[in-house]
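Before any comments, here is the structure.
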Amino acid sequence: MIQSMTGYGKAVAECSDKKITIEIRSLNSKTLDLNTRLPYLYKEKELDIRKILSEKLQRGKVDFNILTEATAANKAQQVNPEIIRAYINEFKEITPDATEAELLAIVMRLPDVMGFTCKELDETEWKTVTELMSDAIQSLNQFRLSEGNVLKQEFLNRIGIILDLLKQVEPFEKERILTLKERFIRNLEELNTEYDQNRFEQELIYYLEKLDITEEKVRLKNHCEYFLENLNSKDSEGKKLGFICQEIGREINTLGSKSNHSEMQKIVVQMKDELEKIKEQALNVL
């Protein structure tokens, strides 16, 4: 089951005096390109967080973000009413005409008005964070699977088109051989000279063998079938699909160089167009 590298996952929970939100966004990348944004309290766990993400996400340009928001109860506890009152009393002595509302607006911007305590990350909170990470990763992977199903259908359609185009080549093969043979005979007749018929047949067979596309057709069909087989594999292997695309392209190019027929060349161009679209989408596969 293929997965896209594009995805989004989110998980939210409350722990003691705060609300914790984890968001994960991913885009396509050849390797794992991990960017983390963490609150100061979680910095000590950054290596552990990166290890978990590396094991679970494998590849992609990943933005990982943890947001913390104090609950209403915690915000109330952070206010230092004694300090605020002391500031206001001092300002009243300096500016007795100012109202308390005006003084409060000034005081709230002064140091120590909001209490701050730098505590260590406890095990309960870290356990909550790891559980949230697991939920967010699961949400992201579900998104990736959903996007992967869309990509799979795209691949099925385009590989099917290439196989249909390959069948369209067959009627032109015999026509191409007859056309070449007639052209050679006509050119020889225009030279108005005698030639060995047996030698001519041998040279013609040798030349036509050089232009034979039977092997290329068989290999192209096999590569396409192998591509489809990997779409249904247990693991999502975007790199492998990319390698198979290279092999498909090699056979299509050889068909083009051997075609020597305008209609066959048109078909080859269509094959190349479909393959380019497949390769572009394959870059998004995990």
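Computed from the coordinates by the stated procedures, all read-outs in this text should not be read as laboratory data. What you see is a predicted model; the values in this text were computed from it and never measured. FYI the Cβ positions are ideal-geometry reconstructions off the backbone, even for glycines, and counts take in every protein chain you see.
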Check your understanding: Scanning the chain for helices, which whole DSSP H stretches are 24 Å or more long along the axis (Cα) and average -1.0 or more by Kyte-Doolittle?
Key -> 123-191, 214-231, 238-259, 262-282
Point to revise | Debye log10 I(q)/I(0) at q = 0.12, 0.17, 0.22 Å⁻¹ for segment 121-233, Cα point scatterers | key: -0.71, -0.94, -1.17
Review point. Roughly how big is the chain's charge dipole about its Cα centre, with Cβ charges of +1 (Lys, Arg) and -1 (Asp, Glu), in debye to the nearest 20?
Key: 240 debye
Point to revise | Ranking of R250, R183 by count of other Cβ atoms within 10 Å, fewest first | key: R183, R250
Check your understanding: Fewest to most neighbouring Cβ within 10 Å: what's the order for T124, T193, T179?
Key -> T193, T124, T179
Study note, to complete from the structure: Beyond 22 Å (Cα-Cα) in this structure, taken from K61/K239; K174/K279; K174/K210, we find K174/K279
Check your understanding: Considering the zone a paramagnetic label at R50 would reach in this model (a point 7 Å from Cα along the Cα-to-Cβ line), which residues of segment 12-26 have amide N under 19 Å from it?
Key -> 23-26
Review point. E263 label point, 7 Å along Cα→Cβ, cut-off 20 Å on backbone N: hits in segment 170-189?
Key: 170-184
Exercise for review: Place a label point 7 angstrom from the Cα of L208 along the Cα-to-Cβ direction, then list the residues of segment 259-273 whose backbone nitrogen is under 16 Å away.
Suggested key: 259-261
